[in-house]
1. If we keep just the residues of segment 54-69 that are open to solvent by less than 50 Å² (accessible area, probe 1.4 Å) and not hydrophobic (A, V, I, L, M, F, W, C), which is farthest from Arg128 (Cα to Cα)?
2. Can you tell me which condition Ala88 does not meet? The list is (1) open to solvent by less than 60 Å² (accessible area, probe 1.4 Å); (2) of a type in the set (Gly, Ala, Ser); (3) outside any strand (DSSP E or B), and all the others hold.
3. Tell me, please, whether a residue that is open to solvent by 90 Å² or more (accessible area, probe 1.4 Å) and more than 29 Å from Ala129 (Cα to Cα) can be found in segment 26-46.
4. Give segment 70-85 a look and list any residue that's more than 14 Å from the chain's Cα centre (by Cα) and open to solvent by less than 30 Å² (accessible area, probe 1.4 Å), or say none.
5. Consider Thr8 against the criteria (1) closer than 25 Å to Ala111 by Cα; (2) in a loop (DSSP other than H, G, I, E, B); (3) polar (S, T, N, Q): it satisfies all of them except one. Which criterion is unmet?
6. Pairs under 6 Å by beta carbon, first residue in contact (Cβ under 8 Å) with a residue 60 or more places away in the chain in segment 109-126, partner hydrophobic (A, V, I, L, M, F, W, C) and surrounded by 17 or more Cβ atoms within 10 Å (Cβ to Cβ), six or more apart or different chains?
7. With Leu106, Leu119 as the choices, which residue is modelled with pLDDT of 95 or more, farther than 16 Å from Glu82 by Cβ and assigned to a helix (DSSP H, G or I)?
8. Take segment 45-85 and flag every residue that is within 30 Å of Glu121 (Cα to Cα), assigned to a loop (DSSP other than H, G, I, E, B) and either of a type in the set (Phe, Trp, Tyr) or touching a helix residue (DSSP H, G or I) at 6+ places or on another chain (Cβ under 8 Å) (or both).
Amino acid sequence: MTRGALHTEFIRGRSDGRYYFLETAARVGGANIVALVEAATGLNLWREWARVEVASAAGDDYAPPVGRNDHGGLLISLARQEWPDLSAYDDPEISWRLSKRHHAGLVVASASHTRVESLLESYLPRFRADFFATLPAPKEATE
């Protein structure tokens, strides 16, 4: 690519620790990754992509701004409640809350990796107790 946005996703296997390729796409990542990146770096990927395109159309070079180097974590779950109440999650490191029917989610960010890990580890069992829901897989593929 000569300009634009792209992302590549890998997942680490829990049992073997190996990395497995998921996808590469010529777009900003989905699943609220933009909120996570912005919380940790101060950079909004959609905004920067637009700046790349505007600079290119004007024949200018694009230079990305310097971002922070903080750590971030994203936690999302299907929720039993139509509009889950996340107000009990009130740590100052929470920078974003998901507002979507039957979903609970938040982003935390800190200069400390240990703090981010600690928050996520404490939130996982709370999310399971407070919100967690599952849906059975459909019998046939849907669009």
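The values are calculated or read from the model by the stated rules, or taken from the named source; none is laboratory data. Everything numeric in this text was worked out from a predicted model, so none of it was measured. Cβ: placed from backbone, ideal geometry, glycine included. Neighbour counts: every protein chain shown. Remember, those area values only see protein heavy atoms, side chains included, never the ligands or the DNA or RNA. Shrake-Rupley method; radii C 1.70, N 1.55, O 1.52, S 1.80 Å.
1. The extreme case among them is Ser56.
2. (1)
3. yes
4. Across segment 70-85, the qualifying residues are Ala79, Pro84.
5. For Thr8, the failing item is (2).
6. Ala109/Ala39; Ala109/Ala40
7. After applying the criteria, what remains is Leu119.
8. Listed by number, the residues that qualify are Gly67, Arg68, Asn69, Asp70, Trp83, Pro84.
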